[in-house]
1. Kindly list, by first and then second residue, each pair from a residue in region 138-162 that is part of a helix (DSSP H, G or I) to a residue that is of a type in the set (Phe, Trp, Tyr), limited to pairs with Cβ atoms under 8 Å and residues at least 6 apart or on different chains.
2. Counting just the residues of region 133-162 that are charged (D, E, K, R) and open to solvent by 70 Å² or more (accessible area, probe 1.4 Å), which one comes out modelled with the lowest pLDDT?
3. Inspect all residues belonging to region 118-129 and state whether any of them is among the small types (Gly, Ala, Ser), out of contact with any helix residue (DSSP H, G or I) (no Cβ under 7 Å at 6 or more places or on another chain) and either part of a loop (DSSP other than H, G, I, E, B) or closer than 30 Å to residue 63 by Cα (or both).
4. Hey, can you tell me all the residues within region 143-180 that are under 14 Å from residue 10 (Cα atoms) and basic (Lys, Arg)?
5. For region 142-200, enumerate the residues that are among the hydroxyl-bearing types (Ser, Thr, Tyr) and within 16 Å of residue 46 (Cα to Cα).
6. Where in region 1-110 are the helices (runs of 4 or more DSSP H), entirely inside, with at least 1 residues that are closer than 19 Å to residue 121 by Cα and open to solvent by 20 Å² or more (accessible area, probe 1.4 Å)?
7. Take region 193-206 and flag every residue that is among the aliphatic types (A, V, I, L, M) and either open to solvent by less than 10 Å² (accessible area, probe 1.4 Å) or under 17 Å from residue 16 (Cα atoms) (or both).
Amino acid sequence: MMYDRILFDLDGTLTEPKIGITKSVNYALKKFGIHVTDLDTLIPFIGPPLVDSFIEFYGFTQEQALKAVEYYREYFSVTGLFENGVYDGIENLLTELVRHERHLFVATSKPTVFAKKILDHFKLTSYFDSIVGSNLDGTCVKKGDVIQVVLKEVPLVERKRTVMVGDRLHDVCGAKASGIDSIGVAYGYGGAGELRQAGATHLVYTVAELQQFLLGE
């Protein structure tokens with residue numbers, strides 16, 4: 001199957017965001033008197049909606065979780081979003097896909113305003129037809145909702161040639177709910193087991209393998 005329209009997750013798929021995200025979560029937790037010494041224990045926050053993660057991992061109420069996200073953004077919006085890096089090979093992948101006339105989109109649970117700043121910072125914005133994320137008010141945060149916004153720009157006849165690329169089960173489940181295929185990237189944060197269990201249509205282990213797959217090489 002050759003995919004003409006390709007949706008990319010951001011964190012753990014295009015960029016390696018661990019330092020910025022875990023430091024931002026740690027900053028928020030400190031506001032609640034919670035002190036984390038090993039930032040790697042906060043890696044599960046990478047990918048899912050933040051409110052859900054504060055509730056799941058720290059037992060916060062909905063109100064506390066919303067406040068925690070506010071604190072998170074105090075750090076992330078100034079410093080954390082730039083404590084980040086592009087995975088090796090991604091820029092070449094995007095260049096080749098555009099050269100082969102593929103339409104590329106970003107579909108992320110991260111707020112659109114932050115996603116655009118990150119992509120601008122790394123000079124990746126021009127590769128994408130559009131960049132779609134969540135809203136700062138907490139709406140359109142589920143991956144399926146984000147995908148649906150992107151798909152409004154995709155003709156129905158092209159949905160079967162559209163694919164979601166991501167590293168977490170949320171990307172796979174969002175694609176399934178939207179009726180499109182998915183490619184799980186095991187080099188990110190979910191790992192092959194999570195992606196396989198979620199039912200990813202395809203699974204790749206490296207950026208090079210992703211490029212070979214998408215270009216039919």
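The values are calculated or read from the model by the stated rules, or taken from the named source; none is laboratory data. All values reported here derive from a predicted model rather than from experimental measurement. Ideal geometry is used to build each Cβ from the backbone, glycine not excepted, and the neighbour counts take in all protein chains shown. Surface accessibility is based on the protein's heavy atoms, side chains included, excluding ligands, DNA and RNA. Shrake-Rupley method; radii C 1.70, N 1.55, O 1.52, S 1.80 Å.
1. Going by the 8 Å Cβ cut-off, the qualifying pairs are 150/105; 161/3.
2. First, pick out the residues of region 133-162 that are charged (D, E, K, R): 137, 142-143, 145, 152-153, 158-161.
Those left that are additionally open to solvent by 70 Å² or more (accessible area, probe 1.4 Å): 137, 142, 145, 152-153, 160-161.
Values: 137: 89, 142: 91, 145: 94, 152: 91, 153: 80, 160: 91, 161: 95.
If we take residues in region 133-162 being charged (D, E, K, R) and open to solvent by 70 Å² or more (accessible area, probe 1.4 Å), then 153 is modelled with the lowest pLDDT.
3. Among the residues of region 118-129, not one is among the small types (Gly, Ala, Ser), out of contact with any helix residue (DSSP H, G or I) (no Cβ under 7 Å at 6 or more places or on another chain) and either part of a loop (DSSP other than H, G, I, E, B) or closer than 30 Å to residue 63 by Cα (or both), which makes the answer no.
4. 143, 168
5. To start, the set of residues in region 142-200 that are among the hydroxyl-bearing types (Ser, Thr, Tyr) comprises 162, 178, 182, 187, 189.
Passing the criteria: 187, 189.
6. Here the list reads 18-30, 62-76, 90-99.
7. Let us first name the residues in region 193-206 that are among the aliphatic types (A, V, I, L, M), namely 195, 198, 200, 203-204.
The answer is 195, 204.
Residue by residue, here is whether (1) under 21 Å from residue 191 (Cα atoms); (2) touching a residue at least 40 places away in the same chain (Cβ under 8 Å); (3) out of contact with any His (no Cβ under 7 Å at 6 or more places or on another chain) holds:
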site: 22; (1), (2), (3): yes, no, yes
site: 31; (1), (2), (3): no, yes, yes
site: 35; (1), (2), (3): no, no, yes
site: 38; (1), (2), (3): yes, no, yes
